[in-house]
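To start, the structure under review is shown below, and the notes come after it.
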Amino acid sequence: MIAIIGGLITIQTPKISSTIAIKGTGSVSDSRLSLWLPNPITEPSKRAYEIYVLCYTPIWIIAFCCIVAFGLYEDFDEWSYMKVCVGLSLPYLLQPILYPSAGTSSSTSTINSSNPDVQRPILERYSFKANLWLAVYSFIGNYWYTHYFYSVLHAKYTMPAHRLNNVPIALYFATHFYFSTYHVFSNMLLRKVTTTYQPNLTRKILYIAVVATFAYFTAFMETLTISAYPDYSFEDRDMAYTVGSAFYGIYFIVSFPAFFVFDQDIDKKDNNNNNNENSKSTKISAWDTIISSCGYGMIIMILLDIVRLYLDIPLVVGSSDVVCSLKGEIL
């Protein structure tokens, strides 16, 4: 797949750069830069959010690595898992409320006095809506999708845990912070494609290939890195690495491009002062955010169920006393 992406890159048509003056700053900006992060002029809210996520990512990764590498989990009880996972998720969940200016650097402050989220009501902040979108998605994934892993891949969690629908509640919070990281990295890759190359058929193919490749890579790497943790196991680990990663990758094939375009007009009203109908932004409310996440969540669930039906495996949801055998019998 990497080779295919490399080949697709060679046939792309690069965008032609054009510079524009930024009123009131005395600076110039390339309106068609090849970017990893959102443009500080046109997307300051998204940029600030993504920078904050990237800054916090090493902290939760190091914390998890230490817990697994030093075997600290061996002394954990139900409340220990809750304290760790809830504690690590709070810097993301509380940031829109307590620290809305997060992610604003000195370089962007010369152009924008602050992160625009600071001036918005809490429910209208991009960081709040991004966290809400991912929180709803994380809840759906744990509450429903986990049972596809139980049934299809015979996965199981054996750690002491408070459970909701037979899924450790701590994992609902853990999912939030690692999904936050995954989706910001995905945004960076997709943005690089869309800001570097001219929009045409070959770019669409490249875009799809990048989504599919990064979805599988993300799923595979998570499965590989968690293999050192004995309380999450599979009956066939080789199958988990290959088929399981593709199965898990279905999540991201849908959610990566969905999150990339989510609330893409958030900063248009802040940057456009004209009355041109074509430049008017689409306002996304908190309720719109929930509906969006639920909608994409249903698409993922349907795709997972199509795979399950193709494999002719029964789906068991609920009690931890009911499991599926390898032959598909319900015990």
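The values are calculated or read from the model by the stated rules, or taken from the named source; none is laboratory data. It should be emphasised that the depicted structure is a prediction, and the values quoted were computed from it without experimental measurement. Glycine gets a Cβ as well: all are built from the backbone with ideal geometry, and neighbour counts include every protein chain shown. Each accessible area value is taken on the protein alone, full model and side chains, heavy atoms only, with ligands, DNA and RNA left out. Shrake-Rupley method; radii C 1.70, N 1.55, O 1.52, S 1.80 Å.
Close Cβ contacts (under 7 Å, 6 or more residues apart or on different chains) running from residues in region 169-195 that are in contact (Cβ under 8 Å) with a residue 12 or more places away in the chain and closer than 11 Å to Thr218 by Cβ to residues that are among the aliphatic types (A, V, I, L, M) and part of a helix (DSSP H, G or I) comprise Phe179/Leu134; Thr181/Val53; His183/Leu134; Leu189/Val210.
Counted as qualifying within region 36-143 are the helices (runs of 4 or more DSSP H) with 1 or more residues that are touching a residue at least 60 places away in the same chain (Cβ under 8 Å) and either over 17 Å from Ala174 (Cβ atoms) or not basic (Lys, Arg) (or both), namely 44-69, 78-93, 106-109, 126-140. Among the residues of region 154-161, is there at least one that is among the hydrophobic types (A, V, I, L, M, F, W, C), at pLDDT below 95 and in a helix (DSSP H, G or I)? No, every residue in region 154-161 fails to be among the hydrophobic types (A, V, I, L, M, F, W, C), at pLDDT below 95 and in a helix (DSSP H, G or I).
Matching residues to (1) open to solvent by 10 Å² or more (accessible area, probe 1.4 Å); (2) closer than 23 Å to Ile9 by Cα; (3) among the hydroxyl-bearing types (Ser, Thr, Tyr); (4) in contact with a Gly (Cβ under 9 Å, 6 or more places away or on another chain):
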{"site": "Val136", "(1), (2), (3), (4)": "yes, no, no, yes"}
{"site": "Tyr148", "(1), (2), (3), (4)": "no, no, yes, no"}
{"site": "Val167", "(1), (2), (3), (4)": "no, no, no, no"}
{"site": "Leu171", "(1), (2), (3), (4)": "yes, no, no, no"}
{"site": "Ser180", "(1), (2), (3), (4)": "no, no, yes, no"}
{"site": "Met188", "(1), (2), (3), (4)": "yes, yes, no, no"}
{"site": "Thr195", "(1), (2), (3), (4)": "yes, yes, yes, no"}
{"site": "Met221", "(1), (2), (3), (4)": "yes, no, no, no"}
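May I ask you to list the residues in region 9-36 that are modelled with pLDDT of 90 or more, of a type in the set (A, V, I, L, M, F, W, C) and open to solvent by less than 40 Å² (accessible area, probe 1.4 Å)? Correct list: Leu35 only. Residue pairs whose Cβ atoms lie under 8 Å apart, sitting 6 or more positions apart in sequence or on different chains, and linking a residue in region 212-232 that is of a type outside the set (A, V, I, L, M) to a partner that is part of a loop (DSSP other than H, G, I, E, B) and surrounded by fewer than 16 Cβ atoms within 10 Å (Cβ to Cβ), are Thr213/Met1; Tyr216/Met1; Pro230/Thr158; Asp231/Thr158; Tyr232/Thr158. All but one of (1) of a type in the set (A, V, I, L, M); (2) at pLDDT 95 or above; (3) surrounded by 15 or more Cβ atoms within 10 Å (Cβ to Cβ) hold for Ile62; state the number of the condition that does not hold. Only one criterion is unmet by Ile62, namely (3). For first residues located in region 245-259 and within 12 Å of Val307 (Cβ to Cβ) and at pLDDT below 95, partners that are open to solvent by 20 Å² or more (accessible area, probe 1.4 Å) and part of a helix (DSSP H, G or I) and lie 6+ apart or on another chain with Cβ distances below 7 Å form the pairs Ala246/Tyr216; Phe247/Val307.
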